[in-house]
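Visitor: Supplied in structure tokens, the structure appears directly below.
The values are calculated or read from the model by the stated rules, or taken from the named source; none is laboratory data. Since this is a predicted model, take the numbers as computed values, not measurements. Note: ideal-geometry Cβ built from the backbone for every residue, glycine included; neighbour counts use all protein chains shown. Just the protein is used for accessible areas: all its heavy atoms, side chains included, with ligands, DNA and RNA removed. Shrake-Rupley method; radii C 1.70, N 1.55, O 1.52, S 1.80 Å.
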Amino acid sequence: MKQESRLWNLQTLLSVERRRLRAALRKLALHPAVRAAGLVFGAALVLIIGLAPLSSFLVEGWLRQDIELRSQLIVRSIKNQVIANLSKSNPDLVPFLERITDDERLLAVGYCSDAGQMLYATSSMPSEVTCSTLAHAKGDAFDLVLKDGSRVHVSSTLLRAGATSGHLLVVHDLSFLDERTGKARLYTIIGLIGASLAFGLLTIGVVGALMRGWRQSLQSAIAQIHGETTSIRQANPSFPIGRDFYALLDALRAERTFAEGLYVEWSPSRLSELLRDELPGAQVIIVSNREPYIHNYVDGKPTVQIPASGLVAALEPVMRACGGVWIAHGSGSADRDTVDEHDRVAVPPNHPEYSLRRVWLSDEEQEGYYYGLSNEGLWPLCHIAFVRPNFRESDWRQYTAVNQRFAEIVLSETTADDPIILIQDYHFALLPRMVRKLLPKATIITFWHIPWPNSETFGICPWREEIIDGLLGSTILGFHTQFHCNNFIEAVDRFMESRIDREIGSVTLGGRETLIRPYPISIEWPPRALAGQASIEDCRRSVRVRFGFPEDMRIAVGIERFDYTKGVIDRMKAVDTLLSLHPEWCGKFVLVQAAAPTRSKLAAYAELQSEAARLAEEINARHETSDWRPVHHIVRHHEQDEVYELFRAADMCIVSSLHDGMNLVAKEFVASRDDELGVLILSGLAGASRELSEALIVNPYDAGQMARAINQALRMSQGEQRQRMRLMRDLVRRHNVYGWAAKMLLDASHLRERERVAHPGL
């Protein structure tokens with residue numbers, strides 16, 4: 001209602017002013033000053049005659065640049081697929097090329113061999129465009145006039161596929177140029193005529209009267225919006241009209257942004273504003289297994305440590321912006337000694353902004369709930385990384401009991417009957433339903449940070465129905481990608497009696513609806529760890545001195561938790577393949593592999609760490625010299641400032657996940673590069689590849705392809721690096737973690753209102 005009232009007042013204001021201006025213009029028609037405007041109009045005609053052709057020339061030039069840029073983008077996006085197809089024993093490019101020519105301006109695509117033969121071409125390829133025309137062209141792009149008199153633009157790009165090479169031709173239709181240039185001439189004439197008339201009107205000496213009327217109308221409209229009388233405003237002529245008017249427009253713009261999800265620069269203050277306007281007075285509670293701050297004893301003193309966790313990296317900035325309570329398992333050796341009598345501690349330590357409520361688990365509970373069902377059962381089941389999931393009845397009992405304990409603690413921490421509860425990840429699949437029973441009015445947003453497998457794979461789980469039912473206690477259930485949303489809905493369809501609305505993406509079970517939505521998670525912008533960082537050159541110098549690298553050494557980094565889903569082994573094999581295929585990089589290239597140990601009690605993780613250490617030694621023994629070894633394998637926890645220093649010192653970052661919901665390391669590397677240099681090599685099996693398409697996308701199971709990507713990154717020009725990095729940085733900046741949280745909270749706000757209408761008794 002508030003927004004509708006403001007819009008109505010603004011519309012009324014504009015209609016009044018239109019009537020006033022029309023009346024004033026009628027009075028001006030016979031004013032002597034109008035004659036002076038005639039002279040101005042005559043001068044404008046001379047300008048029109050001279051500038052109209054110039055505008056056509058400029059527009060045509062801009063359109064040509066656009067066509068050439070489009071051609072480059074098309075080639076850049078398909079060349080890897082073209083090269084891969086040409087490398088096959090029986091290549092057939094035509095079906096692939098036909099699919100790309102749906103664009104109305106893109107006329108045809110073809111491929112010429114070095115011998116001048118058109119090997120592949122779409123059916124729409126003009127007969128006048130032949131491989132022989134390339135020999136007569138003066139450059140890689142040229143125009144060609146067809147027999148029917150129409151023009152086409154041909155772009156030729158050299159491609160190399162193994163030992164062979166050829167030219168990829170992209171043909172655009174230029175028939176729209178004449179139409180656009182004609183419109184440009186028309187709009188230029190109309191614009192200059194309008195400008196001349198406006199300039200002439202400015203010479204009329206009654207503008208002051210019009211401005212007084214405009215001022216009075218503004219005062220009246222603003223008084224109505226603020227619930228004040230017009231007479232009060234008229235009695236105060238010093239009232240700042242412009243400031244209030246723009247404040248009104250800002251309020252309308254902000255409300256429309258929140259309501260319609262338009263782009264804004266999301267920040268902590270903007271997120272707090274959203275909470276205040278859309279969810280006034282709402283308490284925010286986050287529940288996760290991993291805590292954002294761990295207190296461990298170091299040399300007998302409690303020391304704060306931030307865990308190496310993408311979940312923590314994403315949620316901690318949101319919690320600082322929202323305030324509230326974060327409930328998590330207290331796992332640090334000094335955690336019990338740093339909480340108050342209610343098991344709470346204010347965090348961040350140096351500038352507290354929210355409360356961390358720690359939950360204590362016994363060793364038996366840890367074994368069953370965390371190491372057992374969560375990480376030996378659900379983790380390998382969902383990641384499909386070829387590690388067999390283990391399901392034990394005793395683990396399930398502990399998992400259920402711990403979820404129930406967290407539900408009771410959520411209830412004890414609530415200060416209202418309708419809090420907003422953000423439940424995180426696969427450790428708490430049963431928690432949403434348990435909380436729903438205790439707090440029927442709560443808005444429960446559950447985010448599943450790991451992939452959700454297809455229904456056939458998920459059917460392996462003995463407690464599939466209980467897990468799905470638990471998650472459907474949520475108001476909103478979020479995943480990183482639409483693909484994972486679809487997999488979940490398919491699992492519901494296969495195993496549960498429910499009503500599914502695929503059009504809006506919702507599941508109704510037991511009379512309550514759950515929205516299933518993709519929310520690609522991100523990082524804060526700008527990252528806090530970047531604030532205290534030295535310059536790029538200083539970071540390079542520091543890392544080179546620490547590892548003993550010479551100035552010209554090219555550095556690749558891999559940074560993550562030591563998990564079998566992260567592709568650490570595959571990354572090392574790719575480096576081995578690179579040095580075997582391209583020995584020219586021996587002594588000039590290193591991989592710094594930094595991995596934080598995790599879940600070392602589990603056999604699969606202990607074996608992975610042993611295998612990685614053994615493989616690093618083998619690769620070094622095969623390629624090393626007296627003063628150089630290619631793999632530097634560092635197994636320890638790295639603080640955020642160390643991670644960002646490595647990012648800024650590196651020439652490339654390799655993210656080779658075998659399966660990943662998102663992988664925030666990729667986004668952190670992009671955010672760290674304020675010099676807009678560096679190359680991101682990114683697994684196509686990580687959710688981040690759906691967003692960061694300017695990275696070099698690879699199949700981590702293909703060591704040869706990864707080696708070629710590393711070689712491409714090493715040879716990439718700084719100009720191309722900047723083009724790619726600017727696009728990725730712009731995406732991470734616009735779609736940061738505050739925007740991620742805002743989208744979920746906006747959806748929660750709308751559902752909150754709907755549920756209050758649909759269930760007034762709840």
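Visitor: If you go through the stretch 588-610, how many residues are of a type in the set (A, V, I, L, M, F, W, C), outside any loop (DSSP other than H, G, I, E, B) and open to solvent by less than 20 Å² (accessible area, probe 1.4 Å)?
Guide: The total comes to 8.
Visitor: Separate question: Could you check the stretch 396-416 and list, in sequence order, the residues that are of a type in the set (S, T, N, Q) and touching a residue at least 24 places away in the same chain (Cβ under 8 Å)?
Guide: To start, the set of residues in the stretch 396-416 that are of a type in the set (S, T, N, Q) comprises 398, 400, 403-404, 412, 414-415.
If the condition is that a residue be of a type in the set (S, T, N, Q) and touching a residue at least 24 places away in the same chain (Cβ under 8 Å), then Gln398, Thr400, Asn403, Gln404, Thr414, Thr415 are the ones that fit.
Visitor: A follow-up question, please. Give the residue that is nearest to Trp463 (Cα to Cα), with candidates limited to residues of the stretch 396-452 that are part of a loop (DSSP other than H, G, I, E, B) and of a type in the set (Gly, Ala, Ser). So that I can check it myself, show each step before the final result.
Guide: Step one: of the stretch 396-452, the residues part of a loop (DSSP other than H, G, I, E, B) are 414-419, 425, 429-430, 439-442, 448-452.
Right, trim to of a type in the set (Gly, Ala, Ser) and you get 416, 429, 442.
Working: Ala416: 33, Ala429: 11, Ala442: 26 Å.
Per the stated criteria, the residue is Ala429.
Visitor: Would you tally the residues in the stretch 70-122 being more than 27 Å from Ser175 (Cα to Cα), open to solvent by less than 50 Å² (accessible area, probe 1.4 Å) and not in a loop (DSSP other than H, G, I, E, B)?
Guide: 5
Visitor: On to the next question. Of all the residues that make up the stretch 54-69, how many are open to solvent by less than 60 Å² (accessible area, probe 1.4 Å) and either within 19 Å of Ser113 (Cβ to Cβ) or hydrophobic (A, V, I, L, M, F, W, C) (or both)?
Guide: 3
Visitor: Further, regarding this structure: Please name all residue pairs, on different chains or six or more residues apart, with Cβ atoms under 9 Å, provided the first residue is in the stretch 347-358 and is farther than 17 Å from Thr414 by Cα and the second residue is assigned to a loop (DSSP other than H, G, I, E, B) and among the hydroxyl-bearing types (Ser, Thr, Tyr).
Guide: What qualifies is Val347/Tyr293; Pro348/Tyr293; Pro349/Tyr293.
Visitor: If you don't mind, there's one more thing I want to ask. How do the pairs read when you match residues in the stretch 557-579 that are closer than 23 Å to Pro451 by Cβ with residues anywhere that are open to solvent by less than 10 Å² (accessible area, probe 1.4 Å) and charged (D, E, K, R), using Cβ under 9 Å and keeping only pairs 6 or more apart or on different chains?
Guide: From the stretch 557-579, the pairs are Gly558/Arg571.
A quick yes/no check of all residues on (1) of a type in the set (Asp, Glu); (2) open to solvent by 40 Å² or more (accessible area, probe 1.4 Å):
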residue	(1), (2)
Asp340	yes, yes
Arg344	no, yes
Val347	no, no
Tyr354	no, no
Tyr371	no, no
Ala385	no, no
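Visitor: May I pose another question? Can you tell me which residue is most open to solvent (accessible area, probe 1.4 Å) among those in the stretch 516-535 that are out of contact with any strand residue (DSSP E or B) (no Cβ under 6 Å at 6 or more places or on another chain) and of a type in the set (Ser, Thr, Tyr)?
Guide: Ser535
Residue by residue, here is whether (1) part of a helix (DSSP H, G or I); (2) surrounded by 24 or more Cβ atoms within 10 Å (Cβ to Cβ) holds:
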{"position": "Tyr644", "(1), (2)": "yes, yes"}
{"position": "Leu658", "(1), (2)": "no, no"}
{"position": "Ser689", "(1), (2)": "yes, no"}
{"position": "Glu720", "(1), (2)": "yes, no"}
{"position": "Gln723", "(1), (2)": "yes, no"}
{"position": "Leu727", "(1), (2)": "yes, no"}
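Visitor: Can I ask one more? When you go through (1) hydroxyl-bearing (Ser, Thr, Tyr); (2) within 20 Å of Lys573 (Cβ to Cβ); (3) part of a helix (DSSP H, G or I) one by one for Tyr701, which number turns out not to apply?
Guide: (3)
Visitor: Something else about it: Could you give me the residue pairs with C-beta distances under 9 Å whose first residue belongs to the stretch 266-281 and is within 17 Å of Glu524 (Cα to Cα), whose second residue is of a type in the set (Lys, Arg) and open to solvent by 60 Å² or more (accessible area, probe 1.4 Å) wherever it lies, and which are 6+ apart or on separate chains?
Guide: Between residues of the stretch 266-281 that are within 17 Å of Glu524 (Cα to Cα) and residues that are of a type in the set (Lys, Arg) and open to solvent by 60 Å² or more (accessible area, probe 1.4 Å), the close pairs are Trp266/Arg734.
Visitor: Taking Ala321, is it open to solvent by 10 Å² or more (accessible area, probe 1.4 Å), touching a residue at least 60 places away in the same chain (Cβ under 8 Å) and either within 28 Å of Pro389 (Cβ to Cβ) or touching a strand residue (DSSP E or B) at 6+ places or on another chain (Cβ under 6 Å) (or both)?
Guide: Numbers: open to solvent by 10 Å² or more (accessible area, probe 1.4 Å): yes; touching a residue at least 60 places away in the same chain (Cβ under 8 Å): yes; either within 28 Å of Pro389 (Cβ to Cβ) or touching a strand residue (DSSP E or B) at 6+ places or on another chain (Cβ under 6 Å) (or both): no.
Here the answer is no, as Ala321 does not meet what is asked.
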